[in-house]
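One structure is given here, and the rest of the page talks about it.
The values are calculated or read from the model by the stated rules, or taken from the named source; none is laboratory data. Being a predicted model, the structure only gives us computed values, none of them experimental. Note that we place each Cβ from the backbone using ideal geometry, even for glycine, and neighbour counts take in every protein chain shown. Accessible surface is based on the protein model in full, side chains and every heavy atom, while ligands, DNA and RNA are left aside. Shrake-Rupley method; radii C 1.70, N 1.55, O 1.52, S 1.80 Å.
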Amino acid sequence: MNKRDFYEKAAKGLAASTRLYGVNAVVHVENKDDIWFWQQLLSKYRPGRYKFKPATLNEKGNLTTGCTQCLKYKDFLSSRFFICIDSDLRYLLEEELAAEKGILQTYAYSWENHCAFASKLQTTFDYLVKKEKRFDFDSFLRQYSQITYRPFLLMLYHERENKGTFKRDKFRQCITLQYEQGDEQDNGFSFLQRMAHRLTTATEQEADCHFNFETEKAYYAPFGLHETNTYLYVRGHCLYNALHTIGSKLCENTGIDFEQNILKSALALEQYEEIIHIKTHIQKLQALH
């Protein structure tokens, strides 16, 4: 059996297993950590019973996780078996991922970025921590976005045109910072300065006469990417880890678990474009047979 036939047969089997599980649909996600996110959105916008699969067998008989594994089923999805994946850079690089064909995506880089939505983070932090510790997450994430915006556009340009060396791995390295003492002070000033220095150093060698900042800015504006919200589109794991370490330090001796009580508090449904996109596309699943 060739690879395509294997996944077509597997998809039919997974769709048929809804009867075995007593559910409306089987949903393949990238790994078990994603279930928390997609469960909330599906229960809100497509109420029903779901069986989440964080891994399935590949064509070699190995249990396999991840986005690549999910996308192996992309031509064989239905209303009873569909996939939910992180967008990564696929949305911005215009890879075809259609809800009408059974593919739901995060629009932000990943579910972790949705946890970082600034006003939700600030409101929850202020409510729980009260005046014991002060930190302006709105300011931190706005500055984070301003610092990363131009390098991020340069990286997207190099990825899209397959030019230059400042591609996703180099950008990721620049925004992957370890916590240093004092990062939680002055609204993350030290952290932001270190990240800005890394990005400046990494991009100053990339003088590319074909990269036009204003052109790229206009190109990506219709996608929803702006200087104020770049934090929603950078690699979510890097952002999430940074917030987790800073927030955990702020919550020391308060009895509050920053990750569970604040980062992973209820999603800010309906409050910003990227999460509204998900709602709209969940509703488009109805077109599937």
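Things worth noting here:
- Kirkwood Rh in Å, taken over all unlike Cα pairs in segment 90-140: 13.4 Å
- Per-residue packing, averaged as other Cβ atoms within 10 Å, sorts the ranges 75-87, 114-126, 256-268 into the order 75-87, 114-126, 256-268, beginning with the highest.
- Normalised by the number of residues in the chain, the mean separation of alpha-carbon contacts (under 8 Å, six or more apart) gives a relative contact order of 22 percent.
- Residues whose amide H lies under 5 Å from that of K53, counting only those 5 or more places away or on a different chain, are V27, H28, V29; hydrogens are built 1.01 Å from N in the peptide plane.
- Gyration tensor over alpha-carbon atoms, segment 1-156, equivalent ellipsoid semi-axes in Å: 35, 20, 12
- In terms of distances greater than 26 angstrom between alpha carbons, the cross-link table entries K9/K32; K60/K167; K120/K170 yield K60/K167; K120/K170.
- Averaging the sequence gap over all C-alpha pairs within less than 8 Å and six or more residues apart, then dividing by the number of residues, gives segment 1-111 a relative contact order of 28 percent.
- Additional length obtainable on full extension of the chain from K217 to E270, 0.36 nm per residue less Cα span: 16.5 nm
- Bridge type composition, the chain - antiparallel percent by DSSP, nearest 5: 15 percent
- Segment 21-70 and segment 123-194 have Cα centres lying 30 Å from one another.
- For the chain, the longest principal axis of the C-alpha atoms and the axis of helix 137-161 are separated by about 60°.
- Kirkwood Rh (inverse of mean 1/r, distinct Cα pairs), segment 88-173, angstrom: 15.4 Å
- Comparing segment 201-267 with the 2.2 N^0.38 Å rule of thumb, its C-alpha radius of gyration ratio is 1.61 (two decimals).
- Residue-normalised accessible area of the chain, expressed per residue, 1.4 Å probe, Å²: 49 Å²
- Spatially proximal lysines relative to K249 (Cα-Cα < 17 Å; intrachain offsets below 8 disregarded): K130, K131, K133, K264
- Taking a straight line from the alpha carbon of K101, these aspartates and glutamates sit under 15 Å away, with near neighbours fewer than eight places off in the same chain left out: E8, D75.
- Mean Cβ neighbour count within 10 Å, used as a protection proxy, ranking 145-151, 272-278, 53-59, 178-184 highest first: 145-151, 272-278, 53-59, 178-184
- Working note: Cα gyration tensor of segment 169-219, eigenvalues times five, square-rooted, sorted largest first, giving semi-axes of 27, 13, 9 Å.
- Computed [θ] at 222 nm, helices only, for the chain once each DSSP H run of length n ≥ 4 contributes -39500 (n - 2.57): -14500 deg cm²/dmol
- The eigenvalues of the Cα gyration tensor, multiplied by 5 and square-rooted, give the chain an equivalent ellipsoid with semi-axes of 34, 25, 16 Å from largest to smallest.
- Highest-MSF residue in the chain out of K249, K131, K51 [GNM, Cα springs under 10 Å]: K131
- Apportionment of accessible area to carbon and sulfur, the chain, percent (1.4 Å): 47 percent
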